[in-house]
Amino acid sequence: MEKRDYDAIVVGSGPNGLSAAIRLQQAGLSVLVLEAKDTIGGGMRTQELTLPGFYHDVCSAVHPMAMGSPFFSQLPLSEYGLEFLYAPLEAVHPFDDGSAAFLARSLDETAEALGVDGAMYRRLVQPVANHWEAVAEDSLGPFSIPRHPLTMARFGWYALQSATAISRRFTTAHARGLWAGMAAHSIQPLTNIASAAIGIVLLAVGHRYGWPVPKGGSQAIGNALAGYFTSLGGEIQTGVNVSSLQQLPSHHAVLFDITPKQLLAIAGDKFSPLYKRQLSRYRYGPGVFKIDWALDGPIPFTAPECRQAATVHLGGTFEEIARSEQLAYEGKHSTAPFVLLSQQSLFDERAPAGKHTAWAYCHVPNGSTEDMTTIIENQIERFAPGFRQRIIAKHTMNTQQMEAYNPNYTGGDINGGIIDIQQLYTRPALRISPYRTSAKGIYICSSATPPGGGVHGMCGYHAANTVLRDIF
């Protein structure tokens, strides 16, 4: 093989870019990672967004999939400073009467608290939790013949249904509300086919591994991945904004941790007309409006269970949450949206003594510039009267600001493209391998490939394996 400056170059240092780089470096190749920002991490960054001494996760905050990732679980990340912290409860869903449903590490505890719906909850979640490794092997990657067909058949029976269809199997508002909050992580209408999948996975992984927060912030995950990569001999250059292939040193393969919109801008002239047309038709989903707060005390939730979890789902009943998700998909704004809230500082030192931080977002139409601050704070105040009196400072990001911060968040879409049934396994185009482009030596390894969004690194891992098979 002809000598080049590098065997492979990875553009982008998010979880998938770093995972691809690690996998290739583990195989003995020479790998260069290029990052446009001054710091690595993509969606795994922690900054003082509000006031000095208050550390906020800019994007990802709580990481159930980091623990459930088959690739991350193989890496010695604890040796590079990564430590996960666990709250007494994994996630809590409060209601207007002051009660709450919750996801505990113990499946028995969660099921028992759901009363008459406990048996249905077990049927839905327990087989996946008990056989997560098999489910992960067959589902967290490109479409293939299952290696564990019976396990996948059980999972698929529920996962391929809509979240709305699953909700009808529950009889209580508590079970239906808890389910709605989990399924809403899919960022699509809950009536969509297969919208149940992400809810089942998050519940099962919560029982199996928990929903931890990284000590010190999400940047710790990126730092650990980068530390391990460089220990293998890999090289990282920051502050390099790649806008054309001509900028790159000579190489045998380049992997882009970016979505189709950016890939077309950089390398579109190298692609076949069919592939270009497929990428241009790639669909992005709703965006997010995000707020970070500096607080002078913990959030005063009415339901005591909320004070035992880093993650709180705010939205009330299944019907309310389903309505807000449908509106965002239709290009409309909800006046009572589903709010995903994290209060990491209850369990990790993210603020000066006696102070706290909070992190939250709601789903909005792609590209929205609507200021959702008051609406989000109203939802928090609904379940935590007195919350506003705790606010010292705040930092907001609408969808356009999210995209300016990270171009992969097109229109504020943090999943790198909607993960509905049409794009579940055809991300970003219908091809034998979703990681190959139509141009030799050019690959895509972002969340726009299977299995999609989340801090798990599996998109990068599978893309790297494709490169190894194709070229090396």
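Just so you know, all these numbers are worked out from the coordinates, no wet-lab data involved. The model shown is predicted, which means the values in this text are computed figures rather than measured ones. Because the Cβ atoms are built from the backbone with ideal geometry, glycine has one as well, and the counts that use them run over all protein chains shown.
Of note:
- The chain: projected area of the alpha-carbon convex hull, averaged over directions, in nm²: 20.2
- The alpha-carbon atoms of region 71-188 define a convex hull whose volume equals 150 cubic angstrom per residue.
- In order along region 70-75, the Karplus-derived 3J(HN,Hα) couplings, from 6.51 cos²θ - 1.76 cosθ + 1.60 at θ = phi - 60°, round to x, 7, 4, 5, 8, 9 Hz, and Gly and Pro are given as x.
- For region 191-322, the equivalent ellipsoid derived from the Cα gyration tensor has semi-axes of 38, 25, 16 Å, listed largest first.
- Cα-derived Rg over Rh, computed across region 291-336 with Rh taken as Kirkwood radius: 1.07
- When only alpha carbons are used to place a centre, region 129-171 and region 235-294 end up 30 Å from one another.
- Degrees separating the helix 373-383 axis from the principal Cα axis of the chain, which is the longest one: 50
- Three-way shape call for region 295-393 based on the alpha-carbon gyration tensor, with the a/c threshold at 1.5: prolate
- Subtracting the Cα-Cα distance of Gln326 and Thr171 from 0.36 nm times their residue separation leaves 53.6 nm of extension gain.
- Contact order normalised by residue count of the chain, Cα under 8 Å, 6+ apart, percent: 25
- Rg ratio (alpha-carbon, reference 2.2 N^0.38 Å) - region 175-234: 1.58
- Cα centroid of region 338-398 to Cα centroid of region 1-66, whole Å: 27
- Mean separation of Cα contacts under 8 Å (6+ apart) over length of region 306-403, as relative contact order %: 26
- Put in line by how crowded their Cβ is, counting other Cβ atoms within 10 Å and starting with the fewest, Trp157, Trp211 read Trp157, Trp211.
- Entries in Lys332/Lys440; Lys215/Lys276; Lys215/Lys394; Lys3/Lys261 that, when Cα-Cα distance is taken, lie over 30 Å: Lys332/Lys440; Lys215/Lys276; Lys3/Lys261
- With contacts taken as Cα pairs under 8 Å at a separation of at least 6 residues, region 319-370 carries a relative contact order of 39 percent.
- Phi-based couplings in Hz for region 174-187 (Karplus 6.51, -1.76, 1.60; Gly and Pro marked x): 5, 5, 5, x, 4, 5, 4, x, 5, 5, 5, 4, 6, 6
- Across region 1-137, counting alpha-carbon atoms alone, Rg and Dmax equal 20.5, 69 Å.
- Cα shape, region 206-263, gyration tensor, a/c 1.5 rule: prolate
- Normalised convex hull volume, region 154-265, alpha-carbon set, Å³ per residue: 202
- Helix 15-26 and the longest principal axis of the Cα set of the chain meet at an angle near 40°.
- Shape of region 157-206, Cα gyration tensor, a/c cut at 1.5: rounded
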